[in-house]
1. Can you work out ³J(HN,Hα) from phi for every residue in segment 141-147, in order, using Karplus 6.51 cos²θ - 1.76 cosθ + 1.60 and θ = phi - 60°, giving whole Hz and x for Gly and Pro?
2. Over all pairs of distinct alpha carbons, what does the Kirkwood formula give as the hydrodynamic radius of segment 59-161, in Å?
3. Please list, in order along segment 59-72, the HN-Hα scalar couplings obtained from phi with the Karplus expression 6.51 cos²θ - 1.76 cosθ + 1.60 (θ = phi - 60°), rounded to whole Hz, x for Gly and Pro.
4. Which pairs break 24 Å Cα to Cα here: Lys77/Lys138; Lys138/Lys211; Lys62/Lys178?
5. Counting only other residues whose beta carbon sits under 9 Å from that of Tyr194, what net charge do I get with K and R as +1, D and E as -1?
6. Would you grab the residues whose amide H sits under 5 Å from the one on Ser149? Only those 5+ places off in sequence or on another chain, please, with H modelled 1.01 Å from N.
7. In whole Hz and in residue order, list the ³J(HN,Hα) couplings for segment 109-122 that follow from phi through the Karplus curve 6.51 cos²θ - 1.76 cosθ + 1.60, θ = phi - 60°; x for Gly and Pro.
8. Once the whole set of protein chains is in place, how much accessible area is left on Phe134, using a 1.4 Å probe, in Å² to the nearest 10?
Amino acid sequence: MAAEPPAPLEDKGYFRRFCDYMSHDTKGVEIATYTVSGILFVVAYNKIRPITRFAKASDIPKHFVREQIPQYGRVTKIEPSIQSGPLLIVKHRPPLNLIFWSNKTLPVKIAGVDLNANGYSWLQTVVLNRQVTFVPVKTETGKDYAECSVYFNELSSDKKWLRKVDLGQALLQLGFAKLSAPVPRVKLTSKDPYEKQVHAYFQKLANSESKAKDRRVGLWQHTLPPKVLPARLWQSMWDGLSQRLSPQSHRVPELVR
């Protein structure tokens, strides 16, 4: 009986042939691995900037502004400026603060507000040498400072809870500043998260300014006509009632009254 022909070898799939190649060509494997790792590292570094300490507005990546990524630091100085108004000089703290000996600082303008002299003095008293959180709102070409919403945590009098205080809202509510720009319009059909967040921020500022005008505090005390007596009494009663009935976590901290 004639011998049967040998069975044809099965054709290896692409994945199997790739595995065989990678198992034999170790040098190629190393090159491919290091290349992919290097590309991923560069992409991740540009996305997060884990060790970069910002010193001017142009240092802040555009996607940080678009995605409203919070940054952290300490206010080392309140610097007066004729063109832009008082600036917070912030020692930015990146996620990995490896270059801790660096003295770089970032000038920050509180977005949406123009301060008066009382506002400058208030910042000197309340914010100097304090840890803050700042969120870039916009960074314009040619300007060294970044316009940001700025916050810090205020401890309650009984030391039981923390409240995040928005500096822009506090200054407007005190009558120590006025809104520097109208609330930006957003289309109802807009799905841009950045536009919605900026609109919400400016809307909060506008509401705080409206309350200060209504109570005739700060710079509105003499620039607006005084309320008639019944309206003043009603406002005083309403403010006292709201202060007593509102939960402690929702009350305005002592420092921003």
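The values are calculated or read from the model by the stated rules, or taken from the named source; none is laboratory data. Since the structure is predicted, the reported quantities are computational estimates derived from the model, not experimental observations. FYI the Cβ positions are ideal-geometry reconstructions off the backbone, even for glycines, and counts take in every protein chain you see. Surface areas here come from the heavy atoms of the whole protein model, side chains and all, with no ligands, DNA or RNA. Shrake-Rupley method; radii C 1.70, N 1.55, O 1.52, S 1.80 Å.
1. Ordered by residue, 3J(HN,Hα) equals 5, x, 10, 6, 8, 10, 8 Hz.
2. When all Cα pairs of segment 59-161 are included, the Kirkwood radius is 14.5 Å.
3. 6, 7, x, 4, 6, 5, 6, 4, 8, 6, 7, x, 10, 9
4. Numbers: Lys77/Lys138 22 Å; Lys138/Lys211 26 Å; Lys62/Lys178 28 Å.
Beyond 24 Å: Lys138/Lys211; Lys62/Lys178.
5. Working: positive: Arg66, Lys196; negative: Glu67, Asp192, Glu195.
Net charge around Tyr194: -1.
6. Distant-sequence amide H within range of Ser149: Ala111, Val135, Val137.
7. Per-residue couplings from phi come out as 9, 5, 5, x, 10, 10, 8, 9, 4, 5, x, 4, 5, 5 Hz.
8. Approximately 0 Å² of Phe134 is accessible to the 1.4 Å probe.
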